[in-house]
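Undergrad: Before I ask anything, let me first share the structure, which is written out below as C-alpha cells.
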Amino acid sequence: MKSLRSNVPIQVLVPKNAETKFPVEYTRKQIIQSHEYVDLNDLYKNAKELIEEVLVKHKVPLSPNSEKYLKFTISKVQWGIRGGINWAYLEFDIETGDGYKRHYRVEDKSGWNIDRAVGGTTSRAVEEIFQDEKIIAYIELQ
C-alpha cells in the first residue's frame with residue numbers, strides 16, 4: 001500500500017442496518033439453481049474495520065464527527081467455480097467528502113468454500129482503495 005499522512009481527522013462511513021439477505025449472484029446462473037445470500041452488515045463491518053486499521057497504522061486520526069470522510073458501499077456480490085476453486089467478486093463504490101467517487105470490482109478465491117472467498121473480497125477492496133492516488137491525496141489534504 002502507498003504511504004500516507006494526515007493530521008486531519010477522517011471518518012469511515014458504511015450503510016447501517018443493511019440487507020441481511022443480500023443475494024449473491026452466480027456468475028453463470030443457468031448452471032446453479034441454489035440461492036446464496038450474504039449479510040451485508042458483516043461485510044460492511046469488516047470493510048470499515050480494515051479501512052480504519054490502515055488509517056490508524058499510518059497515524060491518520062479517526063473521528064466519528066469529522067466532515068472529512070470515506071464512504072464505502074457495496075453494489076454486487078458474485079461467485080463462481082472455476083477448476084474446483086470458489087471465486088468471489090465484489091463490486092463497490094468509494095466516495096470522498098470532496099465528491100470523488102469510483103467504482104471497483106475485486107475478486108478473491110478459496111479452495112474451501114464460498115464464504116471464505118466472499119470474505120476475502122473485503123481485504124482486496126481495501127487494498128484497491130489505498131492504491132488510488134486521488135483517495136490518498138484527499139486523505140492527505142490538510
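Undergrad: Whether any residue in the range 114-121 is modelled with pLDDT of 95 or more, in contact with a Phe, Trp or Tyr (Cβ under 9 Å, 6 or more places away or on another chain) and under 19 Å from residue 18 (Cβ atoms) is what I want to check.
TA: Residues of the range 114-121 that are modelled with pLDDT of 95 or more, as a first pass: none.
So far as the range 114-121 goes, no, none of its residues is modelled with pLDDT of 95 or more, in contact with a Phe, Trp or Tyr (Cβ under 9 Å, 6 or more places away or on another chain) and under 19 Å from residue 18 (Cβ atoms).
Undergrad: Among the residues of the range 93-135, write down those that are within 15 Å of residue 12 (Cβ to Cβ), of a type outside the set (S, T, N, Q) and in contact (Cβ under 8 Å) with a residue 40 or more places away in the chain.
TA: 94, 97, 125, 126, 129, 130, 135
Undergrad: Among the residues of the range 39-47, is there at least one that is buried (at least 19 other Cβ atoms within 10 Å of the Cβ) and either part of a strand (DSSP E or B) or in contact with a Leu (Cβ under 6 Å, 6 or more places away or on another chain) (or both)? I'd like the intermediate steps shown before the answer.
TA: Residues of the range 39-47 buried (at least 19 other Cβ atoms within 10 Å of the Cβ): 40, 43-44, 47.
Now narrow it down to the ones that are either part of a strand (DSSP E or B) or in contact with a Leu (Cβ under 6 Å, 6 or more places away or on another chain) (or both): none.
Among the residues of the range 39-47, not one is buried (at least 19 other Cβ atoms within 10 Å of the Cβ) and either part of a strand (DSSP E or B) or in contact with a Leu (Cβ under 6 Å, 6 or more places away or on another chain) (or both), which makes the answer no.
Undergrad: Next question, about the same structure. Would you confirm whether or not the range 91-102 contains a residue that is of a type outside the set (Val, Ile, Thr) and at pLDDT below 95? Explain how you work it out, then say what you get.
TA: Restricting attention to the range 91-102, the residues satisfying the condition of being of a type outside the set (Val, Ile, Thr) are 91-93, 95, 97-102.
Next, only the ones that are at pLDDT below 95 stay: none.
No - not one qualifying residue is present in the range 91-102.
The values are calculated or read from the model by the stated rules, or taken from the named source; none is laboratory data. Note that the structure is predicted; figures quoted are calculated from it, not measured. In this analysis, Cβ positions are derived from the backbone assuming ideal geometry, glycine residues included, and neighbour counts consider all displayed protein chains.
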